[in-house]
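K.L.:
One structure follows; several queries about it will come next.
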Amino acid sequence: MTNKTRYTACMGLALSAGLLAGCVQVGAQNDEKRDFTKMSPEEYADYLIFESDSFNLAQEVQEGGTARERMQQDELQRLCSETRNRPHGEIATRIVTMARASFQYPEDGIQLGDWEKGRELARSGYGFRIGHNYDNPERTVGGNCYACHQMDPEELAYGNIGPSLSNYGELRGNTEAVRRFVYEMIYNPHAYFPCTSMPRMGHNEFLTQDSISHIMAYLLDAESPVNARKKDPDAEVDPAAAPSGDTGF
Amino acid sequence: MFKHVLIATALAGSVVGGAAASDSPYLTGREQLMMLADDNPAELTEWRGEDLYHEPRGPRNVSLEQCDFGLGPGVLEGAYVQMPRYFEDTGRVMDLESRIIHCMKTLQGFTEEDDPVARKHSSDTREADLVAIYTYVAAQSNGMAWNPPMDHPMERLTRDAGEVLFHRRAGSMDFGCVSCHSEPRKRIRLSFLPVTSNQEEWSKAISWPAYRIGHGVVRSSQHRVRGCYYQMRQAGVKFGSDASIAILSYWTDQARGGEATLPDLKR
């Protein structure tokens, strides 16, 4: 056991059993007495995540590596957390610049896939969950779009964290510019909305290129039920007007 | 069977709708739940917990009546709304669930492997003793104001670190707790989400234990935290870990002064 790991184990024990005095001697080779109350909240939060044995960090994950890497923030995650998702000025510019630089396009151009497959992907929230009930990596990962967006106007169980996408293709058309925008929004939406809640489905390699093309078809294909009805757009974009009695059933 | 009757009634009610006492959709939906269910099935759990609390158990054959939840041995009234708190005897900030386990081990002599300690959550076929005792102790704070102590430096640091964790985005979907609990009137699919900024809403939301209609059993705050980290695609948070208690400390502090509903009934 190295000094460092011994010290870490010791601190875990100290925190859980109040044996700080006894522990400092064991860890004394490290020559550092760790007084938690001298830590900033950020330092203590980091300690809690990575050193306090609070998380199952050793669990293997489907993208390779372990859950520890999942907990490490990249620059975007860090900047948005620090600014409480309200980045201003230079930071917002930096986020947008990083997001634009992250775009990778399909080799054969941005094309629409199969809207029926897209419908299933939009409904599914399966994939990448770990911990006590590990999602099977062999199964197709869903985009979970309905958790936050209205899409097919006939589907009642939609969330409203994101804007309604009903009649998306009907309203915007299926031009190359629209396809490019939709692809980029799915790939890394921070290029347009810095620190949005929406996941970076492409950049994080959460969805495959194939899956993105199918979801895009669900949004833009004229045959898709998302575009099946020509409705007054004003009638459906106000999520606050949703009936109040339908919580979770 | 009770579960199914309840769901059927709630479904019927959600179609009928009703007069809204609050403009919070989270609370309105919940109010309908309460109106429709005169009896919260969690009461059965509470009664069983009362028996388990007073019954001599474990290798030492003693009850939990001398367990100190922060207000002195055996004082249950108001103890839960004043947790998590720092305990001198362990040198840790502890939540109610961890504290019950601590007493099961130190007073009754149970070990980590014994079922009353090992079984943290209930299943369809078996209710965890821990959940029952937790429900009984928590119910002794019903109707009181959330009031977690912030006297000890570790209590304050734990809360402040919990705030950092709450806002910390990470993992495959870039989520943090804040992704779902910051903007009012939002829902995931059909489930309205409570926000920290609405005290009435948040005070109800953190009122665990609660009978979850969709699960058919009583769930705890530790179960809620585990579920959130799971959905966020972040690492699995361990039961009673210091990080989980930091989250609880921050969320309880955010409900300070609001009324606790114990046990609660949730979707």
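K.L.:
Roughly how many nanometres apart are two label points built 7 Å out from the Cα toward the Cβ at A:THR175 and A:ILE91?
P.N.:
Those two pseudo-labels are separated by 3.6 nm.
K.L.:
Quick one: if the Förster radius is 60 Å, what FRET efficiency do B:TRP47 and A:ASP108 give, using the C-beta to C-beta distance and rounding to 0.05?
P.N.:
Efficiency for this residue pair is about 0.35.
K.L.:
With both partners inside segment B:184-267, how many of the DSSP beta bridges are antiparallel, as a percent to the nearest 5?
P.N.:
60 percent
K.L.:
Here is a follow-up. Over segment B:142-267, what relative contact order in percent results from Cα pairs under 8 Å that are six or more residues apart?
P.N.:
It comes to 40 percent, rounded to a whole number.
K.L.:
Also, I was wondering about something else. Based on the Cβ-Cβ distance of B:ALA145 and B:ASP23, what FRET efficiency does E = 1/(1 + (r/R0)^6) give at R0 = 30 Å, to the nearest 0.05?
P.N.:
Efficiency at R0 = 30 Å is approximately 0.85.
K.L.:
Give, as a single signed number, the net charge of other residues whose beta carbon lies under 11 Å from the beta carbon of A:GLN73, with Lys and Arg counted +1 and Asp and Glu -1.
P.N.:
Taking every Cβ under 11 Å from that of A:GLN73, the sum is -2.
K.L.:
Which pairs in the list A:LYS117/B:LYS204; A:LYS38/B:LYS186; B:LYS120/B:LYS204; B:LYS105/B:LYS238 are over 30 Å apart, alpha-carbon to alpha-carbon?
P.N.:
A:LYS117/B:LYS204; A:LYS38/B:LYS186
K.L.:
Further, regarding this structure: Relative contact order of segment A:98-214, please, whole-number percent, based on alpha carbon pairs below 8 angstrom and at least 6 residues apart.
P.N.:
Averaging sequence separation for qualifying contacts and normalising by length gives 30 percent for segment A:98-214.
K.L.:
List the residues, sorted by chain then number, that are 5 or more residues from A:PHE55 or on another chain and whose placed amide H is less than 5 Å from its amide H.
P.N.:
Amide H to amide H, under 5 Å and 5 or more residues apart or across chains, A:PHE55 pairs with B:LYS238.
K.L.:
Report for chain B the percent antiparallel among DSSP-assigned beta bridges with both residues inside it, nearest 5.
P.N.:
Looking only at bridges with both residues in chain B, the antiparallel portion is about 80 percent.
K.L.:
Can you give the mean number of other chain Cβ atoms that lie within 10 Å of the Cβ atoms in peptide B:84-90?
P.N.:
That works out to 1 on average.
K.L.:
Which of the cysteines found in chain B have nothing to pair with, since no other Cys Cβ lies under 4.7 Å from theirs?
P.N.:
B:CYS177, B:CYS180, B:CYS228
K.L.:
A further question follows. Tell me, what is the percent relative contact order of segment B:164-232, built from C-alpha pairs under 8 Å that lie six or more residues apart?
P.N.:
Relative contact order here is 21 percent.
K.L.:
Let me have the 222 nm mean residue ellipticity of chain B computed from DSSP H runs of 4+ only, each contributing -39500 (n - 2.57), with the sum over all residues rounded to the nearest 500.
P.N.:
The helix-only estimate for chain B comes to -13000 deg cm²/dmol at 222 nm.
K.L.:
While we're looking at this one, here's another question. Which peptide among B:169-180, B:124-135, B:43-54 comes first, and what is the full order, when sorted by highest mean count of other Cβ atoms within 10 Å?
P.N.:
B:169-180, B:124-135, B:43-54
K.L.:
What is the spin-label model distance, in nm, from A:ASN133 to B:THR125 if the labels are put 7 Å beyond Cα along the C-beta direction?
P.N.:
Result for the modelled spin labels: 1.7 nm.
K.L.:
Oh, and also: How big is the Cα convex hull of segment A:78-241 in projection, averaged over all directions, in nm²?
P.N.:
Mean projected area of the Cα convex hull: 11.0 nm².
K.L.:
Same structure, new question: Using alpha-carbon positions, what is the distance between the centroids of segment B:220-267 and segment B:99-146, in Å?
P.N.:
16 Å
K.L.:
Separate question: Add +1 for every Lys or Arg and -1 for every Asp or Glu among the other residues with Cβ under 12 Å from the Cβ of B:ARG226, and state the total.
P.N.:
Once all neighbours under 12 Å are counted, the net charge is +4.
K.L.:
Within a Cβ distance under 13 Å of A:GLU184, other residues only, what is the Lys/Arg minus Asp/Glu net charge?
P.N.:
Cβ neighbours under 13 Å give a net charge of +3.
Since every read-out is calculated from the coordinates, none of them should be taken as a lab result. Not measured: the values here are computed from a predicted model. Neighbour counts are summed over all protein chains in view; Cβ atoms, including those assigned to glycine, are modelled from backbone coordinates with ideal geometry.
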